[in-house]
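Report on one structure; see the data block that follows.
The values are calculated or read from the model by the stated rules, or taken from the named source; none is laboratory data. Just so it is clear, the structure is predicted and the values come from calculations on it, not from any experiment. Backbone-built Cβ (ideal geometry, glycine too); neighbour counts: all protein chains shown. The accessibility values were calculated without ligands, DNA or RNA, using every heavy atom of the protein model including side chains. Shrake-Rupley method; radii C 1.70, N 1.55, O 1.52, S 1.80 Å.
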Amino acid sequence: MAEKKHSIWVFGDYRNYFQNRVTLQLLSRANDLAKMIDAEVCATVFGHEVDEWVGEYIAHGASKVYVCDHPALTFYSTDIYVVLMERLVRQYGPEIILVGATSFGREFAPRLAKRLKTGLTADCVGLDINDEGLLVQTAPAFGGSLLTRIVTPEKRPQMATVRPGVFQEIPHNYQAAGEIVNVPLPDDLPGDRIRLVSSERQAAREQKLGDASVVVCGGRGMGSRKKFRNLYELARVLGGEVGATRPVVYAKWADEDALVGQADKHISPKVLFSFGISGAIQHTAGIKNAGFIIAVNKNPNAAMMKMADVAIVADAGQVCTALIRELKKRIRS
Amino acid sequence: MLKMIVCMKQVPMVSDLPWDPITGTLTRGAAEGMMNPACKHALEAALLLKEKHDGHITAITMGPPSAEEILREAIALGADRCLMVSDPKMAGADTLATSFTLARAIEIFCPDFDLILCGCHTSDSETAQVGPQLSEELDIPSIASVESLELREKTLRITRVSDHFLETLEMDLPGLVTIATGRFIPRYASMAGLGDAFQDPGILTVGARDLGLDEHDVGLKGSATRILDIFTPVGRKENIVLTGAPKKIVEELFERFDDAIGSVIRKDLKAEK
Ligand SMILES: Cc1cc2nc3c(=O)[nH]c(=O)nc-3n(C[C@H](O)[C@H](O)[C@H](O)COP(=O)(O)OP(=O)(O)OC[C@H]3O[C@@H](n4cnc5c(N)ncnc54)[C@H](O)[C@@H]3O)c2cc1C
Ligand SMILES: Nc1ncnc2c1ncn2[C@@H]1O[C@H](COP(=O)(O)O)[C@@H](O)[C@H]1O
């Protein structure tokens, strides 16, 4: 195979492989981008006994994997991974590096970018190549009500983090061939300045909301915890589940389980009611697959209202109460 | 004495920012500034440490002159000293240039710090990058998204949730943490305290020259990224708008969409004739 001009690297974040497929999603998008700039798609895997992930990444579109497999890398370490990655980047000079916006990735990527003195765009919701061959990174701005397109014109590599769920992974192909480059652990690595006292995996939560066919979502515009609780009554009457935006969860009007958005939960109800939600991209990323959307907001220009089938310009609390009353009247069984 | 630095940023007050739907540009002048919420949490964490460990807090911001207000607020809440990094040349800085500039200011004006606290992210640019990048720039250890912290001698023990793992970590000072929102509920400044803070003249303001920085190192010129444009995500639906009294709206909703909704919840929603 002819040598490619460039390479696009995807950082292999395998720690929650079965719940979090962001690395595979990035490999998929990297393959699209690679066609536009004549690049090969590479993954990096740091850890101990990581063959399984190396195989997975090749099966999902990596044509080369740089692997550093060593007992010293058993636990994720930002300090060590950053130094290791920096050295590899300096040696091989990738054009683009993509990192999943997991908690780890969001700490790792900025520090790597700083060491490489290059730009980094956080939480991209779109990646493309423009006429000049630059990576165009679309990211939310100003609380997610707007999108902005960002490039890194001169510095290399061009770096972006991407939230899970933005791109679709390519189905696995275990026949796919990939080259494995074994990277020895450098013996002059500086030590980890952070000591791990303990690390416990938290139980995965039940995903009832994710499967519900009717969801009633509420945001800060519900005004108070008391009014927000009315949404539970509405959901009960509709036989649905309640979802919430982040400010609502922070204010403890709803449990963390109820959070809907790119970070935590994607829902795909056939009918979605949205009350007092502005429609920040971090939230709407989680409702991309919703069917019929009814949004209530005082502000007719809110982004949420623009993406609704029915946009109700009114007080969210009042419409909720009116809906409960009207439904109880109409459901006569 | 525990010497702390809290980095804070002024951000627009509202989340529904006034923007021009036709040109897609922001009318930023209309939005008032406030202390970024996560920075308030960081300040709260510092104040709690100060109460326990005989601490001293320097609040630092880089921003336009109006950002001085949040430093005043920090004083009212209990910060001891303020540093305002402000220079027209610094406008348009990305996180690379911001962390670079903050690091130089810290090296010159508070080099003997023990702990730097940042918010985990800002509500306007949301990158969550400045904290980790600042720690690289100063070559000190850092931990992001900290939920609780406890200091013993010069060792900081923290807990946080990271990708479904509940972690307990330790770091020797000097170091940097970014504070997760959610814990460290910020206290309120008393009106009297705020009044006093606005009398207090003691805010040190420094520009690029005071930091020995060339204009090519700071602001837009010192940044690696460029913004091509800002736009509003487009809608995709027919978008029927209903207005009026809630009761009337709800009736109209069911008149028109009783089948669409009823078929999903498997109920007959036709009004009784
Ligand atoms: C890294 C990151 C990740 C994030 N992840 C998520 C996520 O997963 N999920 C998430 O939801 N958010 C997430 N966010 C936050 C997101 O950016 C928004 O801040 C959030 O979704 C806004 O919630 P909201 O719509 O409830 O509040 P606001 O933006 O404050 O909107 C309230 C809305 O209610 C309307 N309103 C006010 N009063 C009334 C009334 N009486 N009647 C009717 N309408 C009224 C207002 O016009 C406004 O449109 C994330 C942010 C960041 C930085
Ligand atoms: N201009 C600034 N001046 C001081 N601190 C800042 C500035 N920008 C960001 N920070 C700090 O970095 C944190 C994260 O910001 P960001 O990376 O923009 O999301 C903030 O909560 C602040 O603590």
CD proxy, 222 nm, chain A: helix-only mean residue ellipticity via -39,500 (n - 2.57) per DSSP H run with n ≥ 4, per residue, nearest 500, stands at -9000 deg cm²/dmol
Expressed as a whole percentage, what fraction of the accessible surface of chain B belongs to carbon and sulfur atoms when a 1.4 Å probe is rolled over the protein heavy atoms? 53 percent
Cross-link pairs beyond the 28 Å C-alpha cut-off, checked among A:Lys288/B:Lys221; A:Lys155/B:Lys89; A:Lys252/B:Lys248: A:Lys288/B:Lys221; A:Lys252/B:Lys248
In a shell of Cβ-Cβ distance under 13 Å around A:Ser213, excluding A:Ser213 itself, what net charge do Lys and Arg (+1) and Asp and Glu (-1) give? +2
Calculate, for chain A, the solvent-accessible area per residue in square angstrom, rolling a 1.4 angstrom probe over the heavy atoms of the protein chains. 42 Å²
Chain B: angle of helix B:37-53 to the longest principal axis, Cα-based, in degrees nearest 10: 40 degrees
Lys and Arg at +1, Asp and Glu at -1: neighbours of A:Ala59 with Cβ under 13 Å from its Cβ sum to -3
For residues of B:133-145, the mean tally of beta carbons on other chains within 10 Å: 4
If you take every DSSP beta bridge whose two residues both sit in the protein assembly as shown, what share of them, in percent to the nearest 5, is antiparallel? 35 percent
Bridge type composition, chain A - antiparallel percent by DSSP, nearest 5: 20 percent
Could you tell me the distance between the Cα centroids of region B:154-169 and region A:122-179, to the nearest Å? 30 Å
Looking at region B:168-273, which GluC sites (Glu not before Pro) are DSSP coil and have at most 12 other C-beta atoms within 10 Å of their C-beta? B:Glu238, B:Glu272
Within the accessible area of region A:209-332 (1.4 Å probe), percent carbon and sulfur: 47 percent
How would you classify region A:130-258 from its alpha-carbon gyration tensor, with a ≥ b ≥ c the square roots of the eigenvalues: rounded for a/c under 1.5, else prolate if a/b is greater than b/c, otherwise oblate? prolate
Low-density loop positions, GluC sites (Glu not before Pro), region B:39-144 - DSSP coil, at most 12 other Cβ in 10 Å: none
Percent accessible area from carbon and sulfur atoms, region A:6-182, protein chains only, probe 1.4 Å: 48 percent
Rel. contact order, % - alpha carbon contacts under 8 angstrom, at least six apart, region B:3-206: 26 percent
Ignoring ligands, DNA and RNA, how much accessible area is buried between chains A and B, both sides summed, with a 1.4 Å probe, to the nearest 100 Å²? 7500 Å²
Output for region A:236-313: chymotrypsin sites (Phe, Trp or Tyr not before Pro) sitting in coil per DSSP, at most 15 other Cβ within 10 Å, listed by number, reads none
At B:Glu153 and B:Asp172, where each label point lies 7 Å from the Cα along Cα→Cβ, what is the point-to-point distance in nanometres? 0.9 nm
Just check region A:209-332 against the gyration tensor rule for me: Cα atoms, a ≥ b ≥ c as the square roots of the eigenvalues, rounded for a/c under 1.5, and otherwise prolate or oblate depending on whether a/b exceeds b/c. rounded
Helix-only mean residue ellipticity at 222 nm for chain B, each DSSP H run of n ≥ 4 adding -39500 (n - 2.57), per residue, nearest 500: -9500 deg cm²/dmol
For chain A, just say rounded, prolate or oblate: build the C-alpha gyration tensor, square-root its eigenvalues into a ≥ b ≥ c, call rounded for a/c under 1.5, and beyond that prolate if a/b exceeds b/c, oblate if not. prolate
Under the definition of Cα pairs under 8 Å and six or more residues apart, what whole-number percent is the relative contact order of region B:134-273? 13 percent
